[in-house]
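Colleague: What follows is a single structure, and I will ask about it in a moment.
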Amino acid sequence: MEQWLIGFVTSGLWIAGFGWLLKRSVDAKIKLETEKQLAAAKHELSKDIHQFEQRWEIKRKACLDAMNVVDAFFSHSQWSNIKDNISVKQKLNTIKARSCANRLAVVCDSAEVYRLYLKWSLRGVS
């Protein structure tokens, strides 16, 4: 009877040891797969952030250039509430104004920005 008990305990230890090794192996595989997925997600997020930053910089430049064109247009305006016209007239340039309009048409999320730019920039540009 002792041999039966020793065999039972020994096989139980073998099963427990095998289960422990199997669990460690599965845990390691899960950890490795999780790390791979996390690295891939980080890479995708990094690409998305880079694209967002590039698009933002293009929008920023287009808006700044557009404001310069509109400012040049306003420098030629007569202001009724100012006695002495002290503004320095800036050069108006059709090519630059149209280039800005094209860039705004591409990068602006709202058609309203483009419409207002056209309203205030291309009048009287030569």
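Each value in this text was obtained by applying a stated rule to the coordinates, not by laboratory testing. These numbers were taken from a predicted model, which means no experiment stands behind them. As a convention, Cβ positions derive from the backbone with ideal geometry for all residues, glycine included, and neighbour counts pool all protein chains shown.
Colleague: Please give the net charge around Gly17, taking every other residue with its beta carbon less than 14 angstrom from that of Gly17, where Lys and Arg add +1 and Asp and Glu add -1. Present the calculation step by step, with values, prior to reporting the outcome.
Modeller: On the way: positive: Lys23, Arg24; negative: none.
Net of charged neighbours comes to +2.
Colleague: To make sure I understand, if each residue's beta carbon is the centre and we count other beta carbons within 10 Å, what order do Leu118, Leu38 fall in, fewest to most?
Modeller: The order, fewest Cβ neighbours first, is Leu38, Leu118.
Colleague: Same structure again: Which net charge results when you count Lys and Arg as +1 and Asp and Glu as -1 among the other residues whose beta-carbon is under 14 Å from that of Asn102?
Modeller: Values: positive: Lys59, Lys61, Lys96, Arg98, Arg103; negative: Asp65.
That sum, taken over residues with Cβ under 14 Å, equals +4.
Colleague: Using a basic spin-label model with each label point 7 Å from the Cα along Cα→Cβ, how many nm lie between Ala28 and Leu45?
Modeller: 2.8
Colleague: Which of the aspartates and glutamates could a cross-linker span from Lys89 if the Cα-Cα distance has to be under 20 Å and same-chain partners fewer than 8 positions apart are dropped?
Modeller: Asp65, Asp71
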